[in-house]
Structure formats: structure tokens, C-alpha cells
Amino acid sequence: MNQMKKSRTAVLNIGLLATPEGRQAKAGAEQGLIRILKDAYVLAEDGVVVAVGTGQPDAQWMKGADAVDAAGRLVTPGLVDAHTHLVFGGWRAHELQQKLSGVPYLEILAKGGGILSTVRETRAAGEDALAEKAGLALDGMLGQGTTTAEAKSGYGLSLGDELKQLSVVKRLNRSHAVDLVPTLMAAHAVPEEYRADRRAYVDLVIKQIIPAAAGEGLAEFCDVFCETGVFSPEEAREILLAGQRAGLQSKIHADEIDAIGGSELAGELGAVSAEHLIAMRDSGISALKAGGVIACLLPATSFYLGKPYARARGLIAAGVPVAVASDFNPGSCPSHSLQLCMNLASWQYRMQPEEILTAVTLNAAAAIGRAETVGSTEPGKLADLVVWEADSLDYLMYRFGSNLARAVLKRGKVVAGRL
Ligand code: NIG
Ligand code: FE
């Protein structure tokens, strides 16, 4: 039989390799316990890590391998962005003046703007245009170190338009280096045409959109915006349970603006993750802990909405695993910079650099069901790596406002930046 030779990549002269370890989210003190190797190398075959060590790798193995010289820099696993609304039409710069004059986010939405304005533009856009625009965002994310991302629908709010968004995610997952994990978020808002009969929309989501998205294999997760004036905890429960019956695991936008029971519901339903948690009550923390839910915190959204920052230290102290993600979307967070989120996690969440690394790699991977394959640099996982223009994790968290990703590797190949 014709044995195909495996493609080999060796990342050499790593000044500092910093990575969490394992295939599950880390909580409590363990979130800050990472592996640090000085003068290290990483070896990969066909895009998968086969060895991690210090000094020089075996000369025999190196024959025919592509060598990537990290020249003494910091290397970490590729970043995982566990929460994005990647695919949308238009932007919302037209809301800037309203926001500056203090009009609240939910008031803009209640008047038919906000998410609903993006729904109009997303419905009007074709798949090609949506893919082109989201692809540009993905280029930017990859260049800043993101190698895997979650992508939600939720700007279609009709059967056809939700499936259109998810089809764009599927297409980009095939064509772009960044791996994508699709989430159905048909319950992002009640569309204008159902305003007089919201129950009919909830039924549409449960009876048609969820079965179709799950049946066509276009989504892995189901997410609901559980918020004052959007979806109540009772509606969210019904929708998430319908998702679970169709094989979609649960996520929930909870306590972003008001604590109306979203995090408690996440615990009750055993959601994989609960997102935002800005206004979370103590009962929310205990529910997440009891339900084994990952807290997915979105600090750039707090920044952009001028809201408080979620209680990351309280969650860590309670033993809830914390992931940090971008929430990239046109309304509450028009930025896909996970590096900015890492800075905010330092200064606003008061998380330690090691805890933050785990939050944007292993815990983020676990929050989107990918902890078996990404989120840490160890044998058996993808050789997704970032070579940083930095010599320590402290330096990475200390600098802000410029891109410190020097080169990004996906499956053992340099796909962004250069060395
Ligand atoms: O996570 N809160 C709901 N969804 C997004 C915002 C979407 C939008 O404003 O377009 C969020 O903040
Ligand atoms: Fe979001």
C-alpha cells in the first residue's frame, strides 16, 4: 500500500510555552495552574501535536520537517473565542449618537432598532455578501490569534433567514482557517412581524426552526437571549428544552442587563455555558456551580455598554470555570479582539494572567464542546499555536491596544503573520 508520508512541523526555540492541560474546563485554583516550559519545542504531524519538550528535538524526527523558529518568544495555544455573533448584515454606527446621549440598549431595541435593525439588514443580504463580510472579520480574528470560534445565528429570526446565517457559518468553516462551531440563536429577539403574537414566534422556533437547524446538522448549540422585554425564563426554558430534545446543547445569554433568572435556569437545565452574567445574583453563582455550567464572560460588552463587569473573582472562588470571549456583534460589541478582552479581564475582572490564558483557551474550548481537540498544547490536540511578540504572560496582559500576535499556526501551518 502506498503509505503517504506525514507532514511534520517543529516549532523550535520557544522562549516560554504556556498552556493549560487537560480535556475539561478548569475551575477554582486549578484555573490558574498551567504548564510553563522554558526553551521548549512543539512537534506536530499532519496538524496534530505529537510531542512537547525542552531543548532540541530528536534529530532523526526532524528530517523532512518544516521548522518554525519562535526565536525565544512566548507561545500559547491558539485562542478560542467561545461567543460571537459572526454573521450579520450592516453595522450600527447610526446608533452611536443615541448611545452617547444615554439611550439604554433595551430601549433602542424596544423601538425597533438594535438587534431588529441588524435583522432587517441581514434578511436583505444574500449568502455571498454575508460570507464575504464575516470572512473579513475572521481574517482579523485569526491575525490576532483566534484559531477556533463559536458563531451564532439570531439576525434572521425566520426559518429561512436563520438557516441562511447558519449555512454561511458552515461554508466559512470549510473555506476559512478558523474552525467554527455553530449555535442556533433564533430566540435572539421577537421579530417585528410577531410583535402582536410573541407566542406564535416561540412556537415557530420550537416547532420549525429548531428541528430544521438540528435536522440539517447546521447547529450544535441552542442559545436564548433571556432578558427583560426579550425572552422570559419560562420561554427560554421551553426553547432550550426543545433544543435539547433535538440534540442541541444549551447556552443562554443570562443576566446581561437584568437578573431575571437566566443563570438560575442555566443551572437547572445543565447548560454548557451561561453568557454575560453582568447582573448575576448570588443564587446565580450557586446554580451555575450546581449545574456544572461554564461562565462565559464578555468584558468588552461591559465596556461598550458602559455596564459593570461580571464578578469573575466570585465565580472562580465558588469553583465555577470561567471562560472569556469577545461577543463580537454590531450592537453591544463591535470588536473581535480577544486580546482586548484579555486586558479587560486583567484590569476589570482582576484575573491573573494564567487564569486568563485558561479562560481564552481550554475553558473556552470546553464551552463550545471542543476541549478534546483544542484549547491546550499537548499530544493529540491540534497544533493551533500563537507565537507572541512577548516574552511572558505578564507582558501579554500588560500591553494593550496593539496586536501582539506575531504569527498564528493552524493545524501546524503558519496561516497569519510571519516569523
Ligand atoms: O450578546 N444580548 C444579545 N445579543 C448580543 C447583542 C446583539 C446586538 O446588539 O446586535 C449580546 O450582547
Ligand atoms: Fe452575545
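The table for this structure:
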| read-out | value |
| --- | --- |
| Length-normalised contact order of the chain in % [C-alpha pairs under 8 Å, at least 6 apart] | 22 percent |
| Descending Cα extents along the principal axes, region 73-175, whole Å | 48, 34, 18 |
| The chain, accessible surface, carbon-and-sulfur percent (1.4 angstrom probe) | 52 percent |
| Neighbourhood charge, 10 Å Cβ-Cβ cut-off, centred on Tyr349 and excluding it, Lys, Arg +1 and Asp, Glu -1 | +2 |
| Within the chain, percent of DSSP bridges classed antiparallel, to nearest 5 | 45 percent |
| Per DSSP, loop GluC sites (Glu not before Pro) in region 213-303 with at most 13 further Cβ within 10 Å | Glu216 |
| Approximate spin-label separation Lys63-Val48, in nm, with each point projected 7 Å along Cα-to-Cβ | 2.4 nm |
| Neighbour net charge for Gly412 - beta-carbon separation under 12 angstrom, K R +1, D E -1 | +2 |
| DSSP bridge pairs, region 38-165: antiparallel proportion in percent, nearest 5 | 65 percent |
| Under the Karplus curve 6.51 cos²θ - 1.76 cosθ + 1.60, θ = phi - 60°, whole-Hz ³J(HN,Hα) for region 41-50, x wherever Gly or Pro sits | 9, 10, 10, 9, 10, 6, x, 10, 5, 10 |
| For region 333-374, Kirkwood radius (reciprocal of mean inverse C-alpha pair distance, Å) | 10.9 Å |
| Residue-by-residue Karplus 3J(HN,Hα) for region 53-63, coefficients 6.51, -1.76, 1.60, Hz, glycine and proline x | x, 10, x, 9, x, 4, 4, 4, 4, 5, 4 |
| Sum of side-chain charges, Ala242 neighbourhood, beta-carbon under 12 Å (Lys, Arg +1; Asp, Glu -1) | 0 |
| Proportion of all alpha-carbon pairs of the chain beyond 40 Å (%) | 15 percent |
| Solvent-accessible heavy-atom area per residue, rounded to whole Å², over region 113-185 at 1.4 Å | 29 Å² |
| Whole-Å distance, taken between Cα centres, linking region 18-47 and region 315-351 | 20 Å |
| Distance (nanometres) between label positions extended 7 Å along Cα→Cβ at Ala93 and Ala196 | 3.8 nm |
| Kirkwood Rh and Cα Rg combined as Rg/Rh, region 358-419 | 0.99 |
| Distance between modelled label sites at Leu136 and Tyr398, nm, 7 Å Cα→Cβ extension | 3.6 nm |
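The values are calculated or read from the model by the stated rules, or taken from the named source; none is laboratory data. Source: prediction; values computed, not measured. Quick reminder, even Gly has a Cβ in these numbers, built from the backbone with ideal geometry, and neighbours come from all protein chains shown. Heads up: the accessible areas ignore ligands, DNA and RNA and are worked out on the full protein's heavy atoms, side chains in. Shrake-Rupley method; radii C 1.70, N 1.55, O 1.52, S 1.80 Å.
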